[in-house]
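Q: After the structure tokens below, expect a handful of questions from me.
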Amino acid sequence: MTTKTTRVVSGIQPTGGLHLGNLLGAILRWVRMQDETECLYFLADLHSLSEYMDPAERRSSVREMAAALIASGIDPERSVLFPQSAVPAHAELCWILNGTARMGWLNRMTQWKDKAGKNREGASVALFDYPVLQAADILLYQATHVPVGEDQKQHIELTRDIALKFNADFSTDLFVVPEPYIGGGTAARVMSLRDGRSKMSKSDPSDMSRINLTDSDEDIAQKIRKAKTDPEPLPDSADALDGRPEAQNLVGIYAAINDESVDQVLGRFAGQGFGTFKPALADALVALIAPIRSRLDELRRDPAELDRILADGAARAAAIGAPVLVKAKSVVGLTD
Ligand code: TYM
């Protein structure tokens with residue numbers, strides 16, 4: 001990526017804490033991208049309205065998630081870090097884009113299908129409209145790259161469709177068509193420690209299914225010890241892990257942490273069982289997470305400073321987004 005012509009935008013829902021899937025799938029890449037270009041990162045508190053959450057918890061989760069991002073390496077001086085709801089232009093642009101997005105497009109979103117399940121009639125309108133707000137988040141800042149995990153790819157593709165249709169319908173080139181930026185290999189999709197076929201997620205009722213940033217070293221070691229595996233030794237190539245989702249996931253996590261390929265990892269562990277591999281993985285995880293956890297403990301002690309950082313970020317984000325919203329309003333004929 002080259003500088004100047006690129007702009008990175010991404011968000012995370014402030015529900016529950018950060019887990020290893022977020023960290024490897026998205027956040028560590030957010031951190032690296034700060035060295036390359038201008039980055040805006042936000043806490044998607046408006047998106048969190050799509051499901052009921054205790055209001056006091058929502059408020060504290062925004063600070064907690066901001067602290068977790070800073071602890072993970074997001075530098076609020078270099079990057080713009082803010083709560084989505086503090087920049088009303090997100091919601092305003094969402095409404096404008098609601099005129100462009102099609103019901104059929106939203107109906108095909110797998111996240112909508114998964115989350116609404118059989119109870120579509122009882123799902124919130126916000127859950128259905130969720131991807132349009134996500135499109136507004138991205139298009140407001142004319143983002144060129146959106147670093148996300150694999151599960152968000154479809155939403156970024158929808159954002160592209162909305163941008164293209166809007167530009168065509170209103171004969172404008174206002175919206176930049178963004179590229180999803182999905183981490184290579186296994187980190188793009190970190191799976192549950194209890195079931196290698198479902199993704200690691202904060203909504204999984206079993207805490208043993210995920211590694212949280214707040215887990216102690218002992219918690220991490222125990223979760224890895226108890227992680228589901230199979231009785232076979234590790235093979236010598238990535239292809240041979242096909243059909244072994246749990247093994248694939250654990251080796252993938254190890255590779256992502258060490259910034260190695262799965263084949264490189266297997267080069268060292270081929271022929272060995274999980275009795276050897278799991279302690280090595282637990283050590284690697286502790287080395288990654290323990291320093292983040294202790295920074296997080298520090299940051300939590302100063303909520304006023306976090307609020308200051310977020311207010312500063314919101315003011316900077318609002319200034320970047322304002323001209324695009326002004327133009328969008330005039331393009332659709334709301335203003336001259
Ligand atoms: P959210 O809050 O579910 O997740 C934040 C980021 O973490 C990634 N991720 C994963 N990656 C790999 N393996 C996993 N198991 C895993 N779980 C989560 C997600 O892909 C995401 O990148 N809709 C978004 C938030 C959002 C957004 C946006 C993102 C709102 N507006 C605009 C980008 C641009 C979400 O719910 O992410």
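Q: When DSSP assigns beta bridges and you keep just the ones with both residues in the chain, what percent turn out antiparallel, to the nearest 5?
A: Approximately 10 percent, going by the DSSP bridge assignments.
Q: Past 23 Å, Cα to Cα: identify those pairs from Lys165/Lys202; Lys165/Lys329; Lys165/Lys327; Lys115/Lys165; Lys115/Lys327, in the order given.
A: Correct reply: Lys165/Lys202; Lys115/Lys165; Lys115/Lys327.
Q: Most exposed first by the Cβ proxy, i.e. fewest other Cβ within 10 Å, how do Cys39, Cys94 rank?
A: Fewest-to-most Cβ neighbours within 10 Å comes out as Cys94, Cys39.
Q: While we're here: Using +1 on the beta carbon of Lys and Arg, -1 on that of Asp and Glu, and nothing else charged, what's the dipole of the chain about the Cα centre, debye to 20?
A: Here the size comes out at about 520 debye.
Q: Identify the trypsin sites (Lys or Arg not before Pro) of region 1-55 meeting these criteria: DSSP loop state and at most 14 other C-beta atoms within 10 Å of the C-beta.
A: Lys4
Q: Using helices alone, what [θ] at 222 nm do you get for the chain, with -39,500 (n - 2.57) per DSSP H run of 4 or more residues, divided over all residues and rounded to the nearest 500?
A: -16000 deg cm²/dmol
Q: Shifting gears a bit: For region 187-277, which trypsin sites (Lys or Arg not before Pro) pass both filters: DSSP loop (anything but H, G, I, E, B) and at most 10 other C-beta atoms within 10 Å?
A: Details: sites: Arg189, Arg194, Arg197, Lys199, Lys202, Arg210, Lys223, Arg225, Lys226, Lys228, Arg268; in loops: Arg189, Arg194, Arg197, Lys202, Arg210, Lys228.
Those satisfying the criteria are Arg197.
Q: Need the full-extension length gain, Thr276 to Val332, defined as separation in residues times 0.36 nm minus the C-alpha distance. One decimal, nm.
A: 14.0 nm
Only the coordinates and a few stated rules stand behind these numbers; no lab work does. Keep in mind that what you see is a predicted model, and the values were worked out from it rather than measured. Positions of Cβ are generated from backbone atoms using ideal geometry, with glycine treated the same way; all protein chains shown enter the neighbour counts.
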